[in-house]
Amino acid sequence: MPLNRWDPTSALARMEQDMGNAAQHAHHASVSTATEGDDLVITVDGIDPSDVDVQVGGGRLTIKGQSGGSTSESHDAGGAHFSSSSSSSSSFSRSFSIPDGVEQSDVSTEPAGNGVKVRIRNAA
């Protein structure tokens, strides 16, 4: 195997690309609230509905979510094989005060665009 000279410029470029790939997978969730009739609707964009946990207790509604991703890349250059991988994981948690008397059974979730919609019946 031939000896290759270390090229700091190429190494830095690979690191910048890996950091950019990791940032691309970072989790950004935005929250909006609205009323629809007598229902309070909380929409969380940027989170997978299958990764959402919604809990009601103590006059609070808590929405939690987890997301993650990984990338892997490999290539050959100058007789050598290079590979890189990155993974990211992030979590989301937001709590809201809710009216007295709201029960877990009053809350439902449904997919909405690129996120989830949490509906609280008769809370508006």
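Worth pointing out:
- Residue, surrounded by the fewest Cβ atoms within 10 Å (Cβ to Cβ), within segment 34-56, restricted to residues that are in contact with a Phe, Trp or Tyr (Cβ under 8 Å, 6 or more places away or on another chain) and modelled with pLDDT of 85 or more: Ile42
- Scope segment 28-53; condition under 16 Å from Pro99 (Cβ atoms), charged (D, E, K, R) and in a loop (DSSP other than H, G, I, E, B); matching residues: Asp38
- Selection from segment 109-124 of residues that are assigned to a strand (DSSP E or B) and crowded, with 16+ Cβ neighbours inside 10 Å: Thr109, Gly115, Val116, Lys117, Val118, Arg119, Ile120
- Whenever a residue of segment 36-56 is without any contact (Cβ under 8 Å) to a residue 24 or more places away in the chain, its partners that are among the charged types (D, E, K, R) and not in a helix (DSSP H, G or I), lying with C-beta atoms within less than 7 angstrom and at least six residues away or across chains, give the pairs Asp53/Lys64.
The values are calculated or read from the model by the stated rules, or taken from the named source; none is laboratory data. Bear in mind the structure is a predicted one, so any value in this text is a computation, not a measurement. For neighbour counting, all protein chains shown are included, and Cβ atoms are generated from backbone atoms with ideal geometry for every residue, glycine included.
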